[in-house]
Amino acid sequence: MSKCRIPLGPFHPLLEEAEFFDIKVEGEKVVDIEMETGWMHRGHEKISETKSFTQSIFLVERICGICSTSHPFAAVHAMEDIDNVEIPERAQYIRIFIGEMERIHSHLLWLGLAGHFIGYDTLWMWAWKYREPVLQIFEKVSGNRNHYAMFRVGGVGRDFDNDLIPEIHPILDMIEKKMLMIAGAAQDDPVLRSRLKGVGVLTKEDAINYCAIGPTARASDVDIDVRRDDPLEYDLVDFDVIVLPNGDVYDKLVVRVLEIIESVKIIRQCLDAFPKIGGEYINKVKHISPGEGCGRYEAPRGEVFHYIRSDGSNRPLRHKVRAPSFSNIPTYKASCVGIPLADALITLAAVDPCYCCTERSIRVIDKNNKKLEHNLLTMSRQKTTQLKSDIVGSEKTPIDRIFED
């Protein structure tokens with residue numbers, strides 16, 4: 001059977017962001033898949049080097065419009081790592097509260113999209129309805145439904161209003177009830193199980209080999225979670241890390257639903273702590289010393305990593321970002337090959353890819369749409385040889401004579 005190439009993207013109704021997939025099929029069976037980057041690069045790392053440390057926190061918050069607090073979370077960890085800055089306990093609880101509320105609305109957004117992709121539009125609309133009160137709480141806590149601007153080096157930028165606690169508990173009760181309902185429906189619905197069970201399997205071995213992280217890894221029986229493994233603020237709360245064994249799309253769905261319930265449990269602990277924990281919510285840091293710092297956080301999609309080098313000025317000398325989708329996207333090579341084309345989309349979507357988070361490189365092509373592959377060392381040496389030929393011809397240069405001596 002002859003192979004057929006199906007280009008998907010970079011702009012396609014089924015892709016929420018600009019990205020390009022090159023899918024090769026035999027009949028309706030996917031035999032290979034490639035992804036090309038370079039459609040969403042915005043230069044955040046370079047821009048960060050021109051901003052103050054505080055401005056960089058606002059900047060990285062805009063890397064992703066969904067998990068917008070994950071990047072500030074990791075960035076302030078990296079900045080605080082340079083001087084071992086201590087964080088007031090109240091600020092730690094506020095950070096956890098913001099992070100877990102964001103995990104809930106991010107997972108609900110994915111759940112709705114997953115339902116839409118497989119033809120369960122009712123699930124899509126109800127999941128997004130459950131998400132709406134979470135965004136409204138964010139607006140009351142921070143002033144914004146997204147891009148909350150809460151994080152600062154040494155704590156948070158504003159205190160939590162304890163008067164909001166009675167308003168938040170009913171929303172958590174509703175979300176927990178609805179997630180238990182969806183988890184039960186996923187277990188009982190024969191169509192949903194048939195549609196997702198055994199689809200797009202990422203084995204534990206492949207998950208480890210591809211360095212998968214977050215729910216993508218945990219659905220493949222890889223027991224990792226930065227919140228538990230490198231707790232920092234999270235040693236204040238109790239929660240379970242959800243791990244499932246099968247690695248298919250069904251388990252990726254169930255992992256996220258159960259993680260929402262765990263987030264509800266964590267947020268309740270924060271709400272219980274707020275009236276008891278007073279005092280400062282920021283340890284004011286006036287200067288960041290020369291040095292290097294690393295920061296990690298368990299974003300809804302997995303570990304987000306920030307590296308910052310400081311020369312003692314008021315801005316990063318180098319700021320490196322690695323988003324979770326950068327590690328999870330290559331797992332397509334293991335999970336998509338061999339499956340029917342109709343399952344490719346939901347398998348691609350099951351890692352909850354975020355391309356605007358991931359893009360850290362640009363793709364350079366020539367006029368024939370071929371990738372340029374230049375060896376920069378070779379190019380540099382060739383230019384020197386050409387200049388030498390143009391200037392002195394076959395004669396030896398002063399440097400040549402020095403080394404001869």
**OP:** Could you tell me which of rounded, prolate or oblate describes the stretch 45-104, using a ≥ b ≥ c as the square roots of the eigenvalues of the alpha-carbon gyration tensor, with rounded for a/c under 1.5 and, failing that, prolate when a/b is larger than b/c and oblate otherwise?
**Re:** oblate
**OP:** Rounded to whole Hz and in sequence order, give me ³J(HN,Hα) for the stretch 224-230 from the Karplus expression 6.51 cos²θ - 1.76 cosθ + 1.60, θ = phi - 60°, writing x for Gly and Pro.
**Re:** 10, 6, 4, 4, 8, 7, 9
**OP:** Could you tell me whether the stretch 151-251 comes out rounded, prolate or oblate from its Cα gyration tensor? Rule is a ≥ b ≥ c as square roots of the eigenvalues, rounded for a/c under 1.5, then prolate if a/b exceeds b/c, otherwise oblate.
**Re:** oblate
Original post:
Accessible area, 1.4 Å probe, largest first: how do 24, 3, 252 sort?
Top reply: 3, 24, 252
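Filter 177/265; 129/178; 284/320; 204/252 down to the pairs with a C-alpha to C-alpha distance above 19 Å, please. Show your work: numbers first, answer last.
Values: 177/265 12 Å; 129/178 11 Å; 284/320 24 Å; 204/252 13 Å.
From 177/265; 129/178; 284/320; 204/252, over 19 Å: 284/320.
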**OP:** Using a 1.4 Å probe and counting only protein heavy atoms, arrange 305, 21 so the residue with the most accessible area comes first.
**Re:** 305, 21
**OP:** Multiply the residue gap between residue 392 and residue 193 by 0.36 nm, knock off their C-alpha separation, and tell me the result in nm, one decimal place.
**Re:** 64.1 nm
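About its Cα centre, what dipole magnitude does the stretch 1-138 give when the only charges are +1 on Lys and Arg Cβ and -1 on Asp and Glu Cβ, stated in debye to the nearest 20?
Taking the Cα centre of the stretch 1-138 as origin, the dipole is about 340 debye.
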**OP:** Starting from the Cα of residue 337, move 7 Å in the Cα-to-Cβ direction to define the label point; list residues of the stretch 26-43 whose amide nitrogen is under 15 Å from there.
**Re:** 26, 29-35
Subject >> Computed [θ] at 222 nm, deg cm²/dmol, the chain (DSSP H ≥ 4; -39,500 (n - 2.57); rounded to nearest 500) >> reply: -15000 deg cm²/dmol
Subject >> Cα gyration tensor shape for the stretch 1-148, rounded if a/c is under 1.5, else prolate or oblate >> reply: oblate
**OP:** Calculate, for the chain, the solvent-accessible area per residue in square angstrom, rolling a 1.4 angstrom probe over the heavy atoms of the protein chains.
**Re:** 47
Subject >> Of all accessible heavy-atom area on the chain, the percent that carbon and sulfur account for (1.4 Å) >> reply: 54
**OP:** Report the extension gain between residue 136 and residue 46 in nm, rounded to one decimal, defined as 0.36 nm multiplied by the number of residues separating them, less their alpha carbon distance.
**Re:** 29.1 nm
Original post:
Kyte-Doolittle mean at least -0.5 and Cα extent at least 15 Å along the axis: which DSSP H helices of the chain qualify?
Top reply: 70-83, 89-117, 121-142, 165-188, 249-273, 376-392
Subject >> About the Cα centre, charge dipole magnitude for the chain (Lys/Arg +1, Asp/Glu -1 at Cβ), debye >> reply: 1060
Subject >> Cross-link reach list, aspartates and glutamates versus residue 46, counting only Cα pairs under 18 Å and skipping chain neighbours closer than eight places >> reply: 61, 292, 311, 359
Subject >> Stretch gain in nm, segment residue 164-residue 181, where the contour uses 0.36 nm per residue and the Cα spacing is subtracted >> reply: 3.5 nm
**OP:** Could you sort 309-315, 90-96 so that the peptide with the highest average Cβ count within 10 Å comes first and the rest follow in order?
**Re:** 90-96, 309-315
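As an exercise, use a Förster radius of 45 Å and the Cβ-Cβ distance of residue 32 and residue 229 to find the FRET efficiency, rounded to the nearest 0.05.
The calculated FRET efficiency here is 0.85.
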Original post:
Going highest first, how would you order 73-80, 119-126 by mean Cβ packing within 10 Å?
Top reply: 73-80, 119-126
**OP:** Could you check which residue among 172, 196, 236 shows the biggest mean-square fluctuation in a GNM of the chain with a 10 Å Cα cutoff?
**Re:** 236
**OP:** Quote the charge dipole size of the stretch 170-270 about the Cα centre in Debye, to the nearest 20; the model charges only the Cβ of Lys and Arg (+1) and of Asp and Glu (-1).
**Re:** 480
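The values are calculated or read from the model by the stated rules, or taken from the named source; none is laboratory data. Owing to the predicted nature of the structure, the values given are computational and were not obtained by experimental measurement. FYI the Cβ positions are ideal-geometry reconstructions off the backbone, even for glycines, and counts take in every protein chain you see. Remember, those area values only see protein heavy atoms, side chains included, never the ligands or the DNA or RNA. Shrake-Rupley method; radii C 1.70, N 1.55, O 1.52, S 1.80 Å.
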